[in-house]
Amino acid sequence: MARTALVTGGTRGIGAAISIALKEAGFEVCASYAGNDEAAATFKELTGIRVHKFDVADFDSCHTAILEIEGEIGPIDVLVNNAGITRDAMLHKMTIDQWRDVMSTNMDSLYNTCKNVIDSMRDRGFGRIINISSINGQKGQMGQSNYSAAKAGLIGFTKALAQEGARKGITVNAVAPGYIATEMVKAIPEEVLATQILPHIPVGRLGEPAEIARCVTFLASEEAGFITGSTITVNGGQYFTS
């Protein structure tokens, strides 16, 4: 029987690439989304992957949705926490709503989703949790104190939960992408990309969503059972960490 996977924010960008890669690897996949019904419908039609709309920032929404998803495809074996938002501003101009929105979606969501799958994973003696961080959670980024804090906190959460789940067959790892060729990054003016971003990436190009997806697919596999509490950096050499 195929293992099941839930990918939050799984219908667009990096999340869509992860959902597709997991399906191609033989997983039964459900991709969640927050609000873009049209994009989700198109994704479902093109890929045949189930989609489910819920708010990862709301615990009750996650609880209800995960019960419904498990009723459709079975207990979740693999959870990919990919959903995230940005509300960029320098701290002296950042509103409390900008701070709270990012922390709720990017950080509180880890508790909201993991809490609702961890007992089942422990009971079955198997689980794979993969959390999508960011290069800016490792090195920080001006104008993103909220986003950088949340993505750094995600790495700490990953290391702690990895210790809790290890003896129950549950691995917990993070992937920290650099600049990836998603719609959001491609929307950056070409001159800015050419003069301010690409020169800082030693390989000389943006990453591809599929390159992140391959890392996630490996971490989700049976073969990755001895890897836990790790953060894999996928940034073209832009930032090194030991």
For the range 27-46, enumerate the residues that are over 16 Å from the mean Cα position of the chain (by Cα) and within 21 Å of residue 219 (Cβ to Cβ).
-> 27, 28
Within the range 104-122, can you find the residues that are among the charged types (D, E, K, R) and either crowded, with 20+ Cβ neighbours inside 10 Å or within 19 Å of residue 4 (Cβ to Cβ) (or both)?
-> 115, 119, 122
State whether one or more residues within the range 66-82 are more than 21 Å from residue 2 (Cα to Cα), under 17 Å from the mean Cα position of the chain (by Cα) and in contact (Cβ under 8 Å) with a residue 24 or more places away in the chain.
-> yes
Could you check how many residues of the range 17-60 are in contact with a helix residue (DSSP H, G or I) (Cβ under 6 Å, 6 or more places away or on another chain) and of a type in the set (Gly, Ala, Ser)?
-> 5
Quick one: what pairs do we get from the range 22-49, first residue under 15 Å from residue 7 (Cα atoms), second of a type in the set (Asp, Glu) and surrounded by fewer than 17 Cβ atoms within 10 Å (Cβ to Cβ), C-beta under 9 Å, 6+ apart or different chains?
-> 30/72
Which condition does residue 203 not pass, out of (1) more than 24 Å from residue 13 (Cα to Cα); (2) in a loop (DSSP other than H, G, I, E, B), if it passes all the others?
-> (1)
Might you let me know whether the range 163-184 holds any residue that is in contact (Cβ under 8 Å) with a residue 24 or more places away in the chain and farther than 30 Å from residue 77 by Cβ?
-> yes
Subset of the range 123-141, residues of a type in the set (Lys, Arg) and either surrounded by fewer than 23 Cβ atoms within 10 Å (Cβ to Cβ) or in contact with a Pro (Cβ under 8 Å, 6 or more places away or on another chain) (or both), comes to 124, 139
Six or more apart or on different chains, Cβ under 6 Å: which pairs go from a residue in the range 186-211 that's touching a residue at least 24 places away in the same chain (Cβ under 8 Å) to one that's polar (S, T, N, Q) and in a loop (DSSP other than H, G, I, E, B)? Could you list them?
-> 200/238; 201/238
Within the range 165-181, track down each residue that is part of a strand (DSSP E or B) and not aliphatic (A, V, I, L, M).
-> 171, 173, 177
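Taken together, the values in this text are just the output of simple stated rules run on the coordinates, not laboratory data. Everything quoted here is computed from the prediction, not taken from an experiment. Every residue, glycine among them, receives a Cβ derived from its backbone with ideal geometry; neighbour counts consider all protein chains shown.
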